[in-house]
Amino acid sequence: MNGAHKPRRLRWPATTNTLALALDGAAKPVYGDIHKILQIMTAAFKALRQGVATELQWSVLAGGLDVSKAIECHGVVRGLSGHLAAAEIALQHIYNRAKLADGWRPAVLYFNELDAIDTFVTLHAYQFKQLSGGELRRAIASATGQIRSNGGKVNLVDSAAMERMAA
């Protein structure tokens, strides 16, 4: 050893703007993005209610339910677990009737399923309006991780597919 010290390294990059990062996490999500997500959820529920829903539309509702459960778990909007559990049971029953060995056949909803999913869609919209951008990203990441850890598949719906569902 020649007695020379290693050069000192900075812990944080000099360009990190912590205030901007904090504001980004605390700011409300862009209204247009939230509106588009809720519009897709509403369109999927409408198709399910009419008995013409595709498996992708059912999946959109099931994914929204997973996000709602993650929001409930994180404690941002609490007290909805009973309604979310009822919607989860209804969606599972619908899936069991619609998923056949040879593919997907849209199922007709029973009144209690219709009521549970309608309540869920309304509460999901309420939850979204209460969240900051950071909370929404954490809830989505948590729901995605939960789905994957249970052996499920996460479907990412591109904007073109979303437009077709909303139409």
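Return the pairs, sorted by first residue and then second, in which the second residue is surrounded by 12 or more Cβ atoms within 10 Å (Cβ to Cβ) and not in a loop (DSSP other than H, G, I, E, B), the first residue lies in region 23-49 and is at pLDDT 80 or above and of a type in the set (S, T, N, Q), the beta carbons are less than 6 Å apart, and the residues are 6+ apart or on different chains.
Gln39/Ala166
Quick one: which residue in Glu113, Glu72, Glu88 is closer than 20 Å to Arg137 by Cα, in contact with a Leu (Cβ under 9 Å, 6 or more places away or on another chain) and not small (Gly, Ala, Ser)?
Only one candidate passes the filter, namely Glu72.
Okay, residues lined up against (1) among the hydrophobic types (A, V, I, L, M, F, W, C); (2) touching a helix residue (DSSP H, G or I) at 6+ places or on another chain (Cβ under 8 Å); (3) closer than 18 Å to Glu88 by Cβ:
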site: Leu109; (1), (2), (3): yes, yes, yes
site: Glu113; (1), (2), (3): no, yes, yes
site: Thr119; (1), (2), (3): no, yes, yes
site: Thr122; (1), (2), (3): no, no, yes
site: Tyr126; (1), (2), (3): no, no, yes
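Look through Leu80, Leu114 and report the one residue that is surrounded by 17 or more Cβ atoms within 10 Å (Cβ to Cβ) and at pLDDT 75 or above.
Matching residue, one of Leu80, Leu114: Leu80.
Scan region 122-136 for residues that are touching a Pro at 6+ places or on another chain (Cβ under 8 Å), closer than 14 Å to Ile37 by Cβ and of a type outside the set (A, V, I, L, M) and report the count.
Selection size over region 122-136: 2.
Restricting attention to region 119-167, report how many residues are part of a loop (DSSP other than H, G, I, E, B), modelled with pLDDT of 75 or more and over 23 Å from Phe45 (Cβ atoms).
Total meeting the criteria: 1.
Being in contact with a strand residue (DSSP E or B) (Cβ under 9 Å, 6 or more places away or on another chain) and among the charged types (D, E, K, R): is that true of Arg105 here?
Considered against the rule, which asks whether it is in contact with a strand residue (DSSP E or B) (Cβ under 9 Å, 6 or more places away or on another chain) and among the charged types (D, E, K, R), Arg105 comes out as yes.
The values are calculated or read from the model by the stated rules, or taken from the named source; none is laboratory data. It should be emphasised that the depicted structure is a prediction, and the values quoted were computed from it without experimental measurement. Note that we place each Cβ from the backbone using ideal geometry, even for glycine, and neighbour counts take in every protein chain shown.
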